[in-house]
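What follows is one structure encoded as structure tokens, with my remarks underneath.
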Amino acid sequence: MESSHVTIDPAILYFGTPVALISTVDVEGRPNLAPISSVFWLGHRAVLGVAARSQTGLNLAATRECVINLPDAALAGAVDRLALTTGRNPVSERKAQVGYRHVGDKFAHAGLTPLPSDTVEPFRVAECPVNMEGAVTRIHELESDDPERAGGIVLAEVAVSRVHVHPELRMPGTENRVDPTRWRPLMMSFQRYFTIGPELHPSRLATIREEWYRPRSAAAEIPPR
Ligand SMILES: Cc1cc2nc3c(=O)[nH]c(=O)nc-3n(C[C@H](O)[C@H](O)[C@H](O)COP(=O)(O)O)c2cc1C
């Protein structure tokens, strides 16, 4: 069969992922907040992809705690105010070239409100409908086999210790479920902002009860639906 594709060599491969605001503190307890979009969850862990030399990368390695705050579509403006800013001072030459500047108080700069967390030092973001507190359990170097890129990016594995959601996201009649029809995540695709569309198709995977995914010891304590 003839290929129906063309070959391209994109400089970035950011086809679309949710935006997260990562809240951290440095060794002196100074807060930082930065947008990333390299994040996924599997099991009860989050995996974050961050530039090793960003303030967030340094803080994750040094203090091993964070809050993963998920902005919804309505917060695109606040997230964009954090774009091209860094908690690092001075700003690296490479970042300065494309317009990055140092911002000391990212919460004030974005117009976002810090809230204390329950299990970690870094603040939560009040306006974000989802806040996940967590501890960094491991840091893995990405691209360490590529001499041109080695040392640039790390993957932080985060054990989620507490999840807070705005009440309207909770599925009616449930304690612990999020209603995906009410959740409008802010997404990034090729550096631009989007959100998700309406539900498309009945889901066979969704016939599995969410409680099935809990470890057996914890699930045993949960009454059947
Ligand atoms: C929408 C958006 C998505 C981004 N995604 C990432 C990412 O996945 N990983 C990363 O290291 N930086 C990402 N950045 C760039 C960081 O925000 C940037 O490096 C910033 O300077 C980090 O701030 P800090 O130095 O205070 O930690 C993203 C920026 C924006 C606006």
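The values are calculated or read from the model by the stated rules, or taken from the named source; none is laboratory data. Since this is a predicted model, take the numbers as computed values, not measurements. Note: ideal-geometry Cβ built from the backbone for every residue, glycine included; neighbour counts use all protein chains shown.
Cys128 meets the conditions (1) within 12 Å of the ligand (Cβ to nearest atom); (2) within 19 Å of Met187 (Cα to Cα); (3) crowded, with 17+ Cβ neighbours inside 10 Å; (4) not aliphatic (A, V, I, L, M) in every case but one. The failed one is (1). Every listed requirement among (1) in a strand (DSSP E or B); (2) within 16 Å of the ligand (Cβ to nearest atom) is met by Ala150 save one, (1). Counting residues in region 132-140 that are within 16 Å of the ligand (Cβ to nearest atom), under 15 Å from Leu82 (Cβ atoms) and loosely packed, with under 13 Cβ neighbours inside 10 Å gives zero.
Candidates are the residues of region 142-191 that are over 18 Å from the mean Cα position of the chain (by Cα) and in contact (Cβ under 8 Å) with a residue 40 or more places away in the chain; the one that is surrounded by the most Cβ atoms within 10 Å (Cβ to Cβ) is Gly152. Look at Ser189 and say whether it is of a type in the set (S, T, N, Q), at pLDDT 95 or above, more than 30 Å from Ser92 (Cα to Cα) and in contact with a Ser or Thr (Cβ under 9 Å, 6 or more places away or on another chain). Criteria not met by Ser189.
Taking region 1-110 and the helices (runs of 4 or more DSSP H) fully enclosed by it, the elements with 3 or more residues that are more than 8 Å from the ligand (Cβ to nearest atom) and within 21 Å of Glu141 (Cα to Cα) are at 55-63. Checked against (1) at positive phi; (2) surrounded by 12 or more Cβ atoms within 10 Å (Cβ to Cβ); (3) at pLDDT 95 or above, Gly99 passes all but condition (2).
Give Val136, Val160 a once-over and let me know the one that is at pLDDT 95 or above and touching a Gly at 6+ places or on another chain (Cβ under 9 Å). None of the others qualify; the one that does is Val160.
Only one entry in Thr86, Thr119 is closer than 25 Å to Gly134 by Cβ, buried (at least 18 other Cβ atoms within 10 Å of the Cβ) and in contact with a Ser or Thr (Cβ under 8 Å, 6 or more places away or on another chain), namely Thr86.
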